[in-house]
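One structure below.
The values are calculated or read from the model by the stated rules, or taken from the named source; none is laboratory data. Just so it is clear, the model here is predicted, and its values are computed rather than measured. Quick reminder, even Gly has a Cβ in these numbers, built from the backbone with ideal geometry, and neighbours come from all protein chains shown.
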Amino acid sequence: MTPPPPVRPGGPGAQRALVWSFANTAFGKFGTLLISIVIARVLGPDEFGTYAVALVALAAVLSFNELGVSLAIVRWEGDPRRIAPTVATISIAASLAFFALAWAAAPSFAAAMGDAGAADVVRVMLVCVPINGLVAVPAALLQRDYQQGKRTIADQVNIWLGAGISVVLALLGWGAMSLAIGRVVASVVFAIMLIAFSPSGLRFGWDRQLVRPLLRFGLPLAAASIVVFAVGYADQLVVGAVLGTSALGFYLLAFNLASFPVTMLSYPIRAVAPAAFARIQHDPWRMDVNFRAAYRLVLVVALPACAFIAGAAVPIVGLVFGEVWLPASLALQWLALQAAVRVVFELAYDFLAVKRRSATLMGIQTAWLAASIPALLVGAQWGGTEGVAAAQFVVAALVLVTGYAWALHRAGVRVRALARTGVLPLAGAVGAGAASWAIAQSPLPDVVAVLLAGFSSLAIIGVLAAMSRSSVRTLRRSDDEEESR
């Protein structure tokens, strides 16, 4: 087996890349939140629901757009530039085919989601599909080389340019279409920047000897990603089809707020973790130790943050979006708890992907989907958007804890030790959630309630972080060892 390529002397390591990635996500999420506030107040639940229909359609296609082959560049043990041209060809060819199929299916999909008039918005959003396929290789090369600084620049331009265009068009009365147009224009600029920043540019080619191993690696991950999409968006599909577009608007707003910790934590870590794990995949003991250290740090921040959102859901929605959006707080309480589960197990997903457990991942996601669908339908009938959100949390907690515990054990992780590292962060989350809920029940103004609940949760996170310094040292030591090679 060819050993993993060494990190270039002086090049950015996982720790520095993680800092860049976190800063990138923090600024991006802050901007996205500001824009969503403006858009939600201008458009209202119905138009926001129409945009949600288009967003679900785009996410569906992107979940398997490049057939999973781009991740091979991140995990490839040799020089990734050897496989890059073939990966690029597969990615763009697949994305063009999927775009054509999705374009034809857009009217039927919009009608099934309860908003036949959303078909045009869906089709405009789908233009992002071939753009995504075009930049799959440049994005993967930047990720592998820990070039998060360059990726940060491209991401920020993408977010703020798209947001600015969307807000202007929304104020001019373009409705949900304003969001779709902003997304497409920004994606074009984003693609140009990624290609320019790519370590080896963008080249197409076709090596028959590589096609079969690439597809053998990527297709199981693509299939798993389809199931991941179905699990992640089944709730929105059910809300739109059963409860209508307006309810979908409320639910999407709650989902976006609940996803704040996921975006802030999971995305930066997932931008670095696969490459970091891949570099030490030849050492099972180090992988176990580093995974448990990363897991502890994720829990320290994610659990109290999600508990704060769940406990203070009502004043948060009232303060940020206004009273017209208060029905979204019912779903937000449960979705925030489900977000904590997502953050933790997305890290496990990336770990198992590097360990080549694609079939195991597929099995877990399939079981999650099979359990979710009936639960979501029952939840929608009995409790509306709140019932759907509650069903999401219960099923995710039961299936993922069981499934990933089994999978990680088989992959060499000491699960009992992993569980012990989560006891203290879980206790802190219970305290943060209880304090936030108590403050939210008081007659304080929304802004005061949110600030008090937020500061109490931050204090708990600070204490937990101080008690987790050994995990930071473990990851830092591992990164220093890799850079010194």
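Would you confirm whether or not segment 193-202 contains a residue that is surrounded by fewer than 18 Cβ atoms within 10 Å (Cβ to Cβ), outside the structural domain of Leu326 (by TED's automatic domain parsing) and at pLDDT below 75? So far as segment 193-202 goes, yes, one or more of its residues are surrounded by fewer than 18 Cβ atoms within 10 Å (Cβ to Cβ), outside the structural domain of Leu326 (by TED's automatic domain parsing) and at pLDDT below 75.
Within segment 66-90, the set of residues being at pLDDT 75 or above, of a type in the set (S, T, N, Q) and crowded, with 21+ Cβ neighbours inside 10 Å comprises just one member, Thr86. Exactly one residue out of Ala93, Ala17, Ala26 is within 30 Å of Arg216 (Cα to Cα), assigned to a helix (DSSP H, G or I), out of contact with any Pro (no Cβ under 7 Å at 6 or more places or on another chain) and modelled with pLDDT under 80, and it is Ala17. When restricted to residues that are part of a helix (DSSP H, G or I) and more than 17 Å from Val53 (Cβ to Cβ), segment 171-195 contains 12.
Output the residues belonging to segment 74-125 that are among the polar types (S, T, N, Q) and in contact with a helix residue (DSSP H, G or I) (Cβ under 7 Å, 6 or more places away or on another chain). Hits for segment 74-125 are Thr86, Ser91, Ser95.
Of the residues making up segment 340-381, those that are crowded, with 19+ Cβ neighbours inside 10 Å, among the aliphatic types (A, V, I, L, M), out of contact with any Phe, Trp or Tyr (no Cβ under 8 Å at 6 or more places or on another chain) and within 22 Å of Phe255 (Cα to Cα) are Ala340, Val343, Leu369, Ala375, Leu376, Ala380. Screening Ala440, Ala407, Ala411, Ala434 for residues that are in contact (Cβ under 8 Å) with a residue 24 or more places away in the chain, surrounded by 17 or more Cβ atoms within 10 Å (Cβ to Cβ) and over 24 Å from Arg356 (Cβ atoms) leaves exactly one candidate, Ala440. Scanning segment 135-158 for residues that are among the hydrophobic types (A, V, I, L, M, F, W, C) and either surrounded by fewer than 21 Cβ atoms within 10 Å (Cβ to Cβ) or outside the structural domain of Phe98 (by TED's automatic domain parsing) (or both) gives Ile153, Val157. For beta carbons closer than 8 Å, sequence separation of 6+ or different chains, a first residue in segment 307-322 that is outside the structural domain of Leu458 (by TED's automatic domain parsing) and of a type outside the set (Lys, Arg) and a second that is surrounded by fewer than 24 Cβ atoms within 10 Å (Cβ to Cβ) and not in a helix (DSSP H, G or I), there are no qualifying pairs.
For the condition polar (S, T, N, Q) and part of a helix (DSSP H, G or I), Ser457 qualifies.
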